[in-house]
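**Student:** Would you mind keeping the following structure in view while I ask a few things?
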Amino acid sequence: MSRLIVVSNRVNPPNPAEGGEGSVGGLAMALAAALREYSGIWFGWSGKTIPEFTGQLNMQRIEGVTVATVDLEETDYQEYYNGYANKTLWPLFHYRVDLTAYDRSFGEGYERVNKRFAETLLPLIEPDDIVWVHDYHLIPLAKELRRMGVKNRIGFFLHIPWPAHQLVVTLPRHRQLVEALFDYDLIGFQTEESLQAFEGYVYSEVHGTKNARGELEAFGRRAQAAAFPIGVDADDFASIVKGETARKTYDRMMAHSVFRKMVVGVDRLDYSKGLEERLIGFERFLHDHPDMVREVMLLQIAPLSRDEVEAYQDLRGRLDGLIGRINGAYAEMDSTPIRYVNRSYRRDELAGVYRAAKAALVTPLRDGMNLVAKEYVAAQDPEDPGVLILSRFAGAARQMKDALIINPNSPEEISDALERALSMDVSERKRRWEALFDNVQREDVTAWRDNFVTALRGRPEAGDEEAPAPVRSLDVASKVLRAKTPEAKAMRA
Ligand code: ADQ
């Protein structure tokens, strides 16, 4: 069996001392779970900076995963990570053109670091390995590896949305970015919507086509593109919620919310997550339902993220002001409507918090998927589940149709959904939760990994009689492969 080499910007191996996970973030959570059972290597940036780049690899074996990391220069960190990744691509791909910085030095830093990553990774790649590259930080990595002669199959998965054509073209050198994607054999997106937006760009901007095998052809090359919605380790989550830490956390949360129903929000502090809109919606709810003011509280957990970037500092200031205003207006001597926490928690603590919450508010303005929505569902008590309120702009909304789906830009919709969630009878809560949990469990992180890896391995080279059958039509394949149905199992076998 060939080895799997996973490449991502940061490498966060699972750490049992932290409740089984590394640092906060959806990608880290997913990859830690995905690599747990796989033989292979996880390669990326160590998170450290040094005065001058050396390309020195640091190899470690952590919890069954071989981890290879490299340090970056301070300029790399500023231009590639804080710059092109977090000030250019992240806001643009989340439809925030107003926050997008188009600075030539960022683009140069991005290319330079991808080249450095490729040079450092090269000696680790063996002929049969397959390479799986993750996220917007590393789009040009395959291009660099191909230049160095790497012929292995290389796949790319984008964890964030692929935006509409009109937005992509605002990026200087957008063609080069898209062309670099055609050095991958397989390009994965979270949703059909992102896939279609990407295809739309390829057809109308560079006059690409789709061939009879369902591959996209452009720039004189071809690549397979499909949607692979990411999931969580649902069974693991459902089991850790029964553990001691989760139960203690649950008890503590229940004790702190006696006579009150707790609503929870858990997000990295990021402008894409719709935190301000959520708070304004909650304020609207308090205004619309004065009788509920003493009966409901919102716990918002929002660990700081990318706090060297100005847009994040600004958001933090606005949230502080908004929460102060709402608490000032609606707090009583013995109750505060919003409890706001800027730190991260262990996974098993979060599980206990989710279970104690009667509703979860997940209100991103744009989100590739949103794993919190899935974790919340996985952590519920089947006999008395809470209600998920979910933005239609989260990728997860495509699969989680039994949530209360809202438009986060509408305070009224958030207010109405809260009222509905908190007064919903147990039979409707159970019916909705069962449908949601069924999906979260079926389309979990293992299915996501296996579907992607199978599709990456699966396409035969022209004239290769020994190779496995080609993935059928991509549209069908992306739907079939991601499911845990007998047909999908047969295709994966
Ligand atoms: P993120 O933008 O980081 O991920 P999300 O999918 O919600 O967003 O994942 C956040 C993860 O961080 C969750 O697993 C959550 O439990 C964890 N987390 C959040 N707050 C925490 C806290 N205070 N303490 C501990 N853990 C915390 C990106 C994309 C998403 C996509 C994922 C995976 O932006 O759209 O779903 O990658 O592909």
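The values are calculated or read from the model by the stated rules, or taken from the named source; none is laboratory data. Computed from a predicted model, the values in this text were never measured in an experiment. Reconstructed Cβ throughout: ideal geometry from the backbone, glycine too, with neighbour counts over all protein chains shown. With ligands, DNA and RNA removed, areas are computed over all heavy atoms of the protein, side chains included. Shrake-Rupley method; radii C 1.70, N 1.55, O 1.52, S 1.80 Å.
**Student:** So how exposed is E308, as accessible area in Å² (1.4 Å probe, rounded to 10)?
**Tutor:** 100 Å²
**Student:** At what distance in nm do the modelled label points of K401 and S39 sit from each other, each positioned 7 Å from its Cα along Cα→Cβ?
**Tutor:** It is 4.2 nm.
**Student:** Counting only the heavy atoms of the protein chains, how much of R431 is accessible to a 1.4 Å probe, in Å² to the nearest 10?
**Tutor:** Estimated to the nearest 10 Å², R431 gives 130 Å².
**Student:** Follow-up. Between D291 and V341, what FRET efficiency comes out of the Förster formula 1/(1 + (r/R0)^6) with R0 = 41 Å and r the beta carbon distance, rounded to 0.05?
**Tutor:** About 0.90, to the nearest 0.05.
**Student:** Per DSSP H run of at least 4 residues, take -39500 (n - 2.57); add these up for the chain, divide by its residues and hand me the 222 nm value, nearest 500 deg cm²/dmol. Before the final figure, lay out each step's value.
**Tutor:** On the way: 18 runs with 197 residues, N = 493.
Counting only the DSSP helices, I get -12000 deg cm²/dmol.
**Student:** Still on this model: Note down the accessible area of D416, probe 1.4 Å, to the nearest 10 Å².
**Tutor:** Here the accessible area works out near 90 Å².
**Student:** Any idea what angle helix 192-206 forms with the longest principal axis of the chain, computed on alpha-carbon atoms, 0 to 90 degrees, nearest 10?
**Tutor:** Tilt of helix 192-206: around 40 degrees.
**Student:** Tell me, what is the per residue accessible area of the stretch 234-442 in Å², probe radius 1.4 Å?
**Tutor:** Values: 8710 Å² over 209 residues.
With the other protein chains kept in place, the stretch 234-442 gives 42 Å² per residue.
**Student:** Near K151, which lysines are there with a Cα under 27 Å away, not counting those fewer than 8 places off in the same chain?
**Tutor:** Counting by Cα, and skipping residues close in sequence, K151 has these lysines nearby: K115, K143, K210.
**Student:** Hey, what did the chain get for relative contact order, percent, Cα under 8 Å, at least 6 apart?
**Tutor:** Computed over the chain, the figure is 14 percent.
**Student:** I would also like to ask the following. Within the stretch 337-361, whose backbone N sits under 18 Å from a point 7 Å along Cα→Cβ of D307?
**Tutor:** Under 18 Å, as judged by backbone N against the label point of D307, lie 340-346 of the stretch 337-361.
**Student:** Relative to a virtual label point 7 Å from the Cα of V426 in the Cα→beta-carbon direction, which members of the stretch 384-411 show backbone nitrogen distances below 16 Å?
**Tutor:** So the set is 384-387.
**Student:** How much length is gained on full extension from M254 to R392, taking 0.36 nm per residue of separation minus their Cα-Cα distance? It would help to have the intermediate numbers written out before the result.
**Tutor:** Working: separation 138, 0.36 × 138 = 49.68 nm, distance 2.97 nm.
Gain on extension, M254 to R392, equals 46.7 nm.
**Student:** Can you give me the angle between helix 426-442 and the longest principal axis of the chain, using Cα atoms only, in degrees from 0 to 90, rounded to the nearest 10?
**Tutor:** That helix lies at roughly 20 degrees to the long axis.
**Student:** Quick one: pull the percent of accessible area on the stretch 234-442 belonging to carbon and sulfur, 1.4 Å probe, ligands and nucleic acids left out.
**Tutor:** Working: 4090 of 8710 Å².
Solvent-exposed carbon and sulfur of the stretch 234-442 make up 47 percent of the total.
**Student:** For the stretch 234-442, what relative contact order do you get, as a whole percent, if you take Cα pairs closer than 8 Å and at least 6 residues apart?
**Tutor:** Working: 379 pairs, mean separation 55.6, N = 209.
Normalised by residue count, the contact order of the stretch 234-442 is 27 percent.
**Student:** Indicate the gyration tensor shape class of the stretch 234-442 (rounded, prolate or oblate), computed on the Cα atoms with a ≥ b ≥ c the square roots of the eigenvalues: a/c under 1.5 is rounded; otherwise a/b larger than b/c is prolate and the rest oblate. Kindly include the intermediate steps, with their values, before the conclusion.
**Tutor:** Working: a/c = 1.30, a/b = 1.19, b/c = 1.09.
Since a/c stays below 1.5, the shape of the stretch 234-442 is classed as rounded.
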